[in-house]
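The values are calculated or read from the model by the stated rules, or taken from the named source; none is laboratory data. Just so you know, these numbers come straight off a predicted model, no measurement behind them. FYI the Cβ positions are ideal-geometry reconstructions off the backbone, even for glycines, and counts take in every protein chain you see.
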């Protein structure tokens, strides 16, 4: 079994699973949506063989030596604003241009670690503390909040790619270009796992699919 954060993997994981099954028809893999912290716990207790997510704040110090972690991609970050928001003055806005906006975040049960990432990026690149006014617990609720003008949302470009037309119908999407504004996605598995050969083969398929998908979009 594989754990993943659905919105961050929907653009590449299904195709990777299909290709892996073509190459290894006797290996059965199922996917379960788990937040990042739940993935760490499931990897360590053997419930899943592999997790795909963002682990910056999900791994405890004593757990770091028990797992292997591989960077899969660095996705550029975007910020999505409600249609009724006044457009930024610059053609290519900076994060600090949104310092007076209200921000949307993710419920920790759904997107563990996201708020920490958001606060860190806003402090580091924008020099401000984001005013977080609401928490979403699904892509649908997040899109609905943006459409209703509740606030702006910042996150990885790869999350909105699969529903880009929907996102652009409810808001204006801006790519953040400041160095360090990217979002990293990793694969994680337990060291010395008996499934390590299978895990290695699956990661090879994942990486190949991501290279094809991310041409011109993802960061090296």
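List of remarks:
- Residue check, residue 198 within 30 Å of residue 27 (Cβ to Cβ), touching a residue at least 24 places away in the same chain (Cβ under 8 Å) and out of contact with any strand residue (DSSP E or B) (no Cβ under 6 Å at 6 or more places or on another chain): yes
- Filter pass, residue 160 being touching a helix residue (DSSP H, G or I) at 6+ places or on another chain (Cβ under 9 Å) and part of a helix (DSSP H, G or I): yes
- Check on residue 110, outside the structural domain of residue 20 (by TED's automatic domain parsing), in contact (Cβ under 8 Å) with a residue 12 or more places away in the chain and surrounded by 19 or more Cβ atoms within 10 Å (Cβ to Cβ): yes
- Of all residues in the stretch 96-114, those satisfying the criterion of being at pLDDT 90 or above and in contact with a strand residue (DSSP E or B) (Cβ under 7 Å, 6 or more places away or on another chain) are 98, 101, 102, 103, 104, 105, 106, 107.
- Residues satisfying the stated conditions in the stretch 20-29, i.e. in a helix (DSSP H, G or I), in contact with a helix residue (DSSP H, G or I) (Cβ under 8 Å, 6 or more places away or on another chain) and surrounded by 14 or more Cβ atoms within 10 Å (Cβ to Cβ): 20
- Among the residues making up the stretch 128-149, those that are crowded, with 18+ Cβ neighbours inside 10 Å and not in a strand (DSSP E or B) are 130, 139, 142, 143, 145, 146.
- Test: residue 127 is touching a helix residue (DSSP H, G or I) at 6+ places or on another chain (Cβ under 8 Å) and either free of Cβ contacts under 8 Å to residues at least 40 places away in the same chain or assigned by TED's automatic domain parsing to the domain that holds residue 53 (or both): yes
- Looking across 37, 74, 102, one residue alone is touching a residue at least 40 places away in the same chain (Cβ under 8 Å) and within 15 Å of residue 153 (Cβ to Cβ). It is 102.
- Any hit, the stretch 77-93, residues being within 30 Å of residue 43 (Cα to Cα) and without any contact (Cβ under 8 Å) to a residue 12 or more places away in the chain: no
- Flag if residue 164 is at pLDDT below 90, surrounded by fewer than 21 Cβ atoms within 10 Å (Cβ to Cβ) and over 17 Å from the mean Cα position of the chain (by Cα): no
- Strands (runs of 3 or more DSSP E) completely within the stretch 64-120 that count 3 or more residues being farther than 20 Å from residue 146 by Cα and within 23 Å of the chain's Cα centre (by Cα): 67-75
- Checking each residue in the stretch 163-180 for being touching a residue at least 24 places away in the same chain (Cβ under 8 Å), in contact with a helix residue (DSSP H, G or I) (Cβ under 9 Å, 6 or more places away or on another chain) and assigned to a loop (DSSP other than H, G, I, E, B) picks out 163, 176, 178, 180.
- Single unsatisfied condition, residue 61 versus (1) out of contact with any helix residue (DSSP H, G or I) (no Cβ under 9 Å at 6 or more places or on another chain); (2) over 18 Å from residue 200 (Cα atoms); (3) at pLDDT 85 or above: (3)
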